[in-house]
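Heads up: the structure comes next, in structure tokens.
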């Protein structure tokens, strides 16, 4: 019994970092219907620069982390402004291809600058300290990730539901022309979206880095985050978070009791299953257009 | 109608030409809208009525190809839509274009996106609910779930939330039942009497001229006739071609000769 609960808890812990990546992808999807495959690598760049600031220049954490987040925000602004906005007659598919290109460029840049060998990132919390709740063990880093994911989800959810800017983001996605007619500068909205999304992704990256740090570290969380977002219906923030927990838990159960080799494939098996049964995702509340 | 000397020109379009790709849609259109009036642009399908409004709003990229547009004495051709809206023109697009997955309230709130005066915004909410009572009842419903007429009301209400000086209405009667059309036109007149200048594009010539001060008739991208609404309503050709009122019945039940030209 204890073992099972432990597996479940670890699943949720793993799910939390997927959840952050899922949130980041949902934010961009919500305003532009673009799936940003460069999400992970944008975070990767921010994380490696933080590593550089910490290791080479010996800045303290309280300088390095906030500046990492600020950098991530600017990176998001910059990529939207300099790359995506330049697309002539953009369509969603073209945009997605652009993000794949960005992904490769960023990954290449990081590998070239920092090398492919694994590194260790200093972090205020050790990933090996653990908190025990009865006979269940959770590392303090996992607990932190869990709290951060839920907090960010809540903040973003409230932001999109109640703030004027948040509603303007949704308006932009639903009808760009009408949004412009309201005086909303839709280009700026998209830029802000990319900034926020990059910020959330960077948070995920910083929380993943203490356990694993090399140029491929974000690929798996990004794909799982994407899977989680699809599971949650792609537009629902809570949906993507719970989707991430489901994937984390199922993956861990499968790894623990069935086969460790196919652990990663399970996420995608779940997606196929969900898409067959409820194609709009588990949590989507999508209005079906009347003709 | 008051004497024309007191009227001030709000919008002045001079000789604009617009292309949709290779299609030559507007072939030199000039028009001026006087402050405080309702002006109606009438014409058949494909005449280019909506194109005029879209060109003024800057919604057609790189257009107008030629000509100038001035709003309150300032050139606005070539400006971004967002900036034109900021200057005080609101546009109710053809086919409503509400934000389907936002609630009615959020839609209206987006209409007031450029404003920060909370108390006044709340007042305007009340006023719009007064104009359009069905919206109040559906305040928290997604706009996409509303009926066509309610969506039209929402679309007009949303445009009013920006407190425009000049309001463009693109076929407000499209797809509405006769009773609703009557109601919408009454509200348009009402909005105008509160000081909003209106430029209206319509196919329903009878209704449009009934509430308008001025009318223009567009055919194949050119104006073929303009005048006060009253004059146009009396005009034999307008009555025949746009209102379907035949002035004299021939023995065979159709007109046997063409009066003058066919407006081109």
Determine whether segment A:89-96 contains at least one residue that is touching a residue at least 24 places away in the same chain (Cβ under 8 Å), surrounded by fewer than 21 Cβ atoms within 10 Å (Cβ to Cβ) and on the phi > 0 side of the Ramachandran plot.
no
Within segment B:178-207, residues in contact (Cβ under 8 Å) with a residue 60 or more places away in the chain, more than 20 Å from residue B:132 (Cα to Cα) and part of a helix (DSSP H, G or I) come out as B:205
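Every residue, every condition in (1) in contact (Cβ under 8 Å) with a residue 24 or more places away in the chain; (2) part of a helix (DSSP H, G or I); (3) surrounded by fewer than 20 Cβ atoms within 10 Å (Cβ to Cβ), yes or no:
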site	(1), (2), (3)
A:141	yes, yes, no
A:145	yes, yes, no
A:150	yes, yes, yes
A:155	no, yes, yes
A:165	yes, yes, yes
A:190	yes, yes, no
A:217	yes, no, no
A:238	yes, yes, yes
When you look at residue B:224, is it assigned by TED's automatic domain parsing to the domain that holds residue B:173, over 15 Å from residue B:168 (Cβ atoms), surrounded by fewer than 23 Cβ atoms within 10 Å (Cβ to Cβ) and touching a strand residue (DSSP E or B) at 6+ places or on another chain (Cβ under 7 Å), yes or no?
yes
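Okay, residues lined up against (1) crowded, with 24+ Cβ neighbours inside 10 Å; (2) out of contact with any strand residue (DSSP E or B) (no Cβ under 9 Å at 6 or more places or on another chain); (3) within 14 Å of chain B (Cβ to nearest Cβ); (4) more than 30 Å from residue A:129 (Cβ to Cβ):
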residue: A:175; (1), (2), (3), (4): no, yes, yes, yes
residue: A:179; (1), (2), (3), (4): yes, yes, yes, yes
residue: A:195; (1), (2), (3), (4): no, yes, no, yes
residue: A:200; (1), (2), (3), (4): yes, yes, no, no
residue: A:205; (1), (2), (3), (4): yes, yes, no, no
residue: A:221; (1), (2), (3), (4): yes, yes, no, no
residue: A:233; (1), (2), (3), (4): no, yes, yes, yes
Kindly provide the set of residues from segment B:172-203 that are more than 17 Å from residue B:153 (Cβ to Cβ) and modelled with pLDDT under 85, ordered by number.
B:203
Among the residues of segment B:116-133, count how many are outside any helix (DSSP H, G or I) and either surrounded by fewer than 17 Cβ atoms within 10 Å (Cβ to Cβ) or more than 22 Å from the chain's Cα centre (by Cα) (or both).
2
Within segment B:60-101, work out how many residues are out of contact with any helix residue (DSSP H, G or I) (no Cβ under 8 Å at 6 or more places or on another chain), within 9 Å of chain A (Cβ to nearest Cβ) and in a strand (DSSP E or B).
0
For residue A:170, work out the one condition from (1) at the interface with chain B (Cβ under 9 Å from one of its Cβ atoms); (2) in contact (Cβ under 8 Å) with a residue 12 or more places away in the chain; (3) crowded, with 22+ Cβ neighbours inside 10 Å it doesn't fulfil.
(3)
Failed condition for residue A:213, given (1) in a helix (DSSP H, G or I); (2) surrounded by fewer than 24 Cβ atoms within 10 Å (Cβ to Cβ):
(1)
What is the number of the single condition among (1) more than 20 Å from the chain's Cα centre (by Cα); (2) part of a helix (DSSP H, G or I) that residue A:101 does not meet?
(1)
Name the single residue that is farthest from the other protein chains (Cβ to nearest Cβ) among those in segment B:134-156 being buried (at least 18 other Cβ atoms within 10 Å of the Cβ) and under 23 Å from residue B:49 (Cβ atoms).
B:153
Please tell me if residue B:113 is outside any loop (DSSP other than H, G, I, E, B) and touching a helix residue (DSSP H, G or I) at 6+ places or on another chain (Cβ under 7 Å).
no
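The values are calculated or read from the model by the stated rules, or taken from the named source; none is laboratory data. The structure presented is a predicted model; accordingly, all values stated were derived computationally and were not measured. Counting neighbours? That spans all protein chains shown, and the Cβs are built from the backbone with ideal geometry, glycine included.
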